[in-house]
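Below is one structure, written out as structure tokens; the observations come after it.
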Amino acid sequence: MKFNPEVYRIPDERMKPFIDPEEIWGYINNSIPTKERVREIIAKALDKQRLNLEETATLVNTTDPELVNEILQGARTLKERVYGNRIVLFAPLYIGNKCTNNCKYCGFRASNKDAVRKTLGDEEIVKEVEALEDNGQKRLILVYGEHQNYSPEFIAHTVKLVYGIKRGNGEIRRVNINAAPLDIDGFRTVKESGIGTYQVFQETYHPEAYANYHPSGKKRDYEWRLTSLDRAQEAGLDDVGIGALFGLYDWRFDVLSLVRHTNHLEACYNVGPHTISFPRIKSASGLDLTDQYFVSDEDFVKLVAILRLAVPYTGMILTAREPIAIRREVIQFGVSQIDGGTKLELGSYSDTKNDSQNLNREQFQINDNRSLSEIVDELIENDYLPSFCTACYRLGRTGEHFMEFSVPGFIKRFCSPNAMLTLAEYLVDYGTPIQKEKGFKLIEKNIQQLNGHQNADEVRSRINKIIAGERDLYF
């Protein structure tokens, strides 16, 4: 008898919808926070154990000021234990704003007649990347609208182009992607170009709310978007990023859904998302929604802290959508990556005459317009280690392998020393005299805190090599 694989196929939960609104609302409506329970959950998180939905819902429902403060302080402590004092820096580079979707919250929406549509050509991309390199950037996320012109082959081409651009000591060492969901072959094509993380944000995980905000275009297909990163995993692309756009639906629902998404990926592929993003609704050209679900500053700080406790080993990204004051506050409660020197208008990095925001070519408005140098200054002043490290990605420490490495001692063995080396590069190549003085003092202070996890003399030796002209040294 001819073998029929379907007869013996084991039930497979991969690439199936995994969000049950009733389940999530059930946890929210029935998880009662008591002092004992909240403190028990915080203690579990501090033991670096991922929280389940009931535990996350209990923290979400906590309103007692004393307990909320304990949640914040728990998140601060957990961040220090898992990530140390590093803050990874990157910049977004918008490649094209053509889009066939009609998302009510986005300036790229197809019905926005005020939008000036543009796709950067190769020469324009080169100019943009050179300008970014001149400022010291080493990590980029390339952003594309959802349009047939931005095929997997086109994305792969732009990635390879960016990697090949060298200017002085400048080079881009990691290219992440924020683009439309792809099929398995498409993800495979993009992976082969050497990308880092592929981000697909669900925006809101609530199906009815999602349908309201996405009246037309391919993005209207909730399930296609929801299972996109399953297809990425099937394609061998195990470095993925998830996110929700807070302000579209009840923030409590989307926080639990992000945790549910994390659980799903870990259960099916043995690896969770590399990053979680949590942008808040801000102004955009053609914005078409009410403020019913807009998130207050107080709740925003709280939800960031809860996410940190719920997913201890997942990177968390805070963008320049947020104003400077909020960025300063939130960064201490779980954030591991921020963008710096961000410009959203296409072609704006190389256009020195473009001093103002132009909403006609922007997806949304940013609220932190500081240069990369200014942000590096502030991080150093506040005892954070600015990091441009790309070592894990280039050494294969991604996906399931990254989960294996993310254990006590890993940060001080690899991440902190690599942050120091990339900061030394930045200071030598782009730093002001005052930056160099303060930055090298901070590096030495952090070397002294390695506590035997890494050879301090070897770190100093490599820093001296960087000062002497060597580049791209890492552990």
Calculated [θ] (222 nm, deg cm²/dmol) that DSSP helices of n ≥ 4 give over the chain, each run adding -39,500 (n - 2.57): -13000 deg cm²/dmol
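Using 0.36 nm times the number of residues separating Asp185 and His157, minus their current alpha carbon distance, what extension gain do you get?
Full-extension gain reported as 8.5 nm.
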Separation in nanometres of the label points that stand 7 Å from Cα toward Cβ, at Arg81 and Arg460: 3.2
Inter-label distance, nm, simple model (7 Å from Cα along the C-beta direction), Arg220/Lys445: 5.6
For Gly431, residues with placed amide H under 5 Å, excluding near neighbours: none
Cα-projected label distance for Glu374 with Asp288, points at 7 Å along beta-carbon direction, nm: 3.5
Under-5 Å amide H pairs with Ser387, H placed in peptide plane, nonlocal only: Ile87, Val88, Leu89
Unpartnered cysteines - no second Cys beta carbon under 4.7 Å - across the chain: Cys99, Cys268, Cys389, Cys392, Cys415
Length released on extending from Thr432 to Asp297, taking residue separation times 0.36 nm less the Cα-Cα span: 45.2 nm
Cα-based reach from Lys445 at 28 Å (exclusive), listing lysines while leaving out same-chain residues under 8 positions away: Lys48, Lys79, Lys138, Lys412, Lys436, Lys465
R0 of 22 Å, Cβ-Cβ distance Arg117-Glu208: FRET efficiency to nearest 0.05: 0.10
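No value in this document is a laboratory result; all are computed from the given coordinates. Since this is a predicted model, take the numbers as computed values, not measurements. Neighbour counts run over all protein chains shown; Cβ positions are idealised from the backbone, glycine included.
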